[in-house]
Amino acid sequence: MAASNRHSVDPATHMFLIPRKELTQPDQMPLWEKSQAYADVLGFISAMNEAVRDKKLRDEYTISGPVEKISTLFDTFDTWIAEIPPIDQPQRFGNKAFKQFYDKLVADSSGLLENILGEKYFNSIPEISIYLNESFGNSTRIDYGTGHELAFLAFLCCLYKIGFLMEPDAVATVFHVFMRYMSICRKLQATYMMEPAGSHGVWSLDDFHFVQFIWGSSQLMGHKRITPARAVQEDYYRSFDKDFMYLAAIKHICSVKTGPFAEHSNQLWNISGVPLWSKVNSGLIKMYKAELLAKFPVIQHFLFGSLLTLEPEQDNQEGEQQGA
């Protein structure tokens, strides 16, 4: 977790900012790719990736008080979904009741975070609550995509940067918090018939999510029996979905899509031909960088504040100064 806490801040003295969009033109992408925000997000993904290597979802791991408090957010969201049923409308997709859920999220998120974080972190809430609000979809288009997933990663990354979450929380961040987040997102998608955000080309792994496949493949790196080829076989993903994110994701896809797997999930089918999980894992990280973090249509929506800043990465600056 050193990557996520490396540039931590003191929440009592730090000057927090309301995050905002700063990338307006495709030719600004090099600013993003050299930024501290890019390094922090990628560092967070890599640190979590390393933390869950060769670990099962049902293995024992520490759930700290802060992690437990964050998980109460999802209990609240679960209750809201039950209280806000879909409305009758002519079109099948994009149920407008989602806007009620989203408006409630925006109205209540600061208060929810005050209860979770406590007085020590109050100053950070106007900044980090924005990332939480952006994590569950767009209320106008009633869609969800990997950009919203990225916002949730940013939210978690910020919790590490302010010191609310610490290095020992890494496994629980993935297995306890991120898995609950995934569950709520899937419930929202199914309840309000949300559309996948953006266009999906041949690279797309899933209509909605990506990171579960990165961290899920890390879990399987040392597994002798479950190979990438076997992960897409029904007897395997039904037998091992409770222990491995990757197989749980395959099972979910097969529960919502019909037809041959090779047709509805061509990219995952291609990945199943890779012999080693280590190759799958490194390939997925490269794919995430190339097909998501390097795409202006996604990153133009990313929000920059004081914690995730567009300023050049500090380590790069230090290296350039030493080189000079």
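The values are calculated or read from the model by the stated rules, or taken from the named source; none is laboratory data. Note that the structure is a prediction, hence the values are computed from the model and not measured. Cβ sites come from the backbone with ideal geometry, for glycine too, and all protein chains shown count toward neighbours. Ligands, DNA and RNA are excluded from the accessible area calculation, which covers all protein heavy atoms including side chains. Shrake-Rupley method; radii C 1.70, N 1.55, O 1.52, S 1.80 Å.
Here are the numbers for this structure:
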item	result
Using a Förster distance of 51 Å, the FRET efficiency for GLU234-SER110 (Cβ separation, nearest 0.05)	0.70
Rounded, prolate or oblate (a/c below 1.5 giving rounded, otherwise prolate when a/b exceeds b/c) for region 43-125 by Cα gyration tensor	oblate
Extension reserve of the LYS279-THR13 stretch, reckoned as 0.36 nm per residue once the Cα distance is removed	91.4 nm
Average accessible surface area per residue within the chain, 1.4 Å rolling probe, Å²	46
Largest-first principal axis extents of the Cα set of region 169-238 (Å)	39, 34, 22
Hull volume in cubic angstrom per residue (convex hull over the Cα atoms of region 125-168)	65
Loop-located trypsin sites (Lys or Arg not before Pro) in region 162-239 whose Cβ has at most 10 other Cβ within 10 Å (DSSP)	LYS224, ARG225
Helix-only mean residue ellipticity at 222 nm for the chain, each DSSP H run of n ≥ 4 adding -39500 (n - 2.57), per residue, nearest 500	-15500 deg cm²/dmol
Listed values (i) 20.8, 68; (ii) 23.8, 82; (iii) 19.5, 65, entry calculated as Rg and Dmax of the Cα atoms in Å	(iii)
Ordering of 34-45, 87-98 by burial proxy (mean other Cβ atoms within 10 Å per residue, highest first)	34-45, 87-98
Region 15-78 - Rg and Dmax from Cα coordinates, angstrom	17.3, 47
Of all accessible heavy-atom area on region 93-196, the percent that carbon and sulfur account for (1.4 Å)	51
Net lengthening on full extension, ARG20/LYS187 (0.36 nm per residue, minus Cα-Cα)	57.3 nm
For q = 0.21, 0.22 Å⁻¹, Debye-computed log10 I/I(0) when each Cα of region 203-324 counts as one equal scatterer	-1.16, -1.24
Region 79-130-region 182-243 distance, computed between alpha-carbon centres (Å)	25
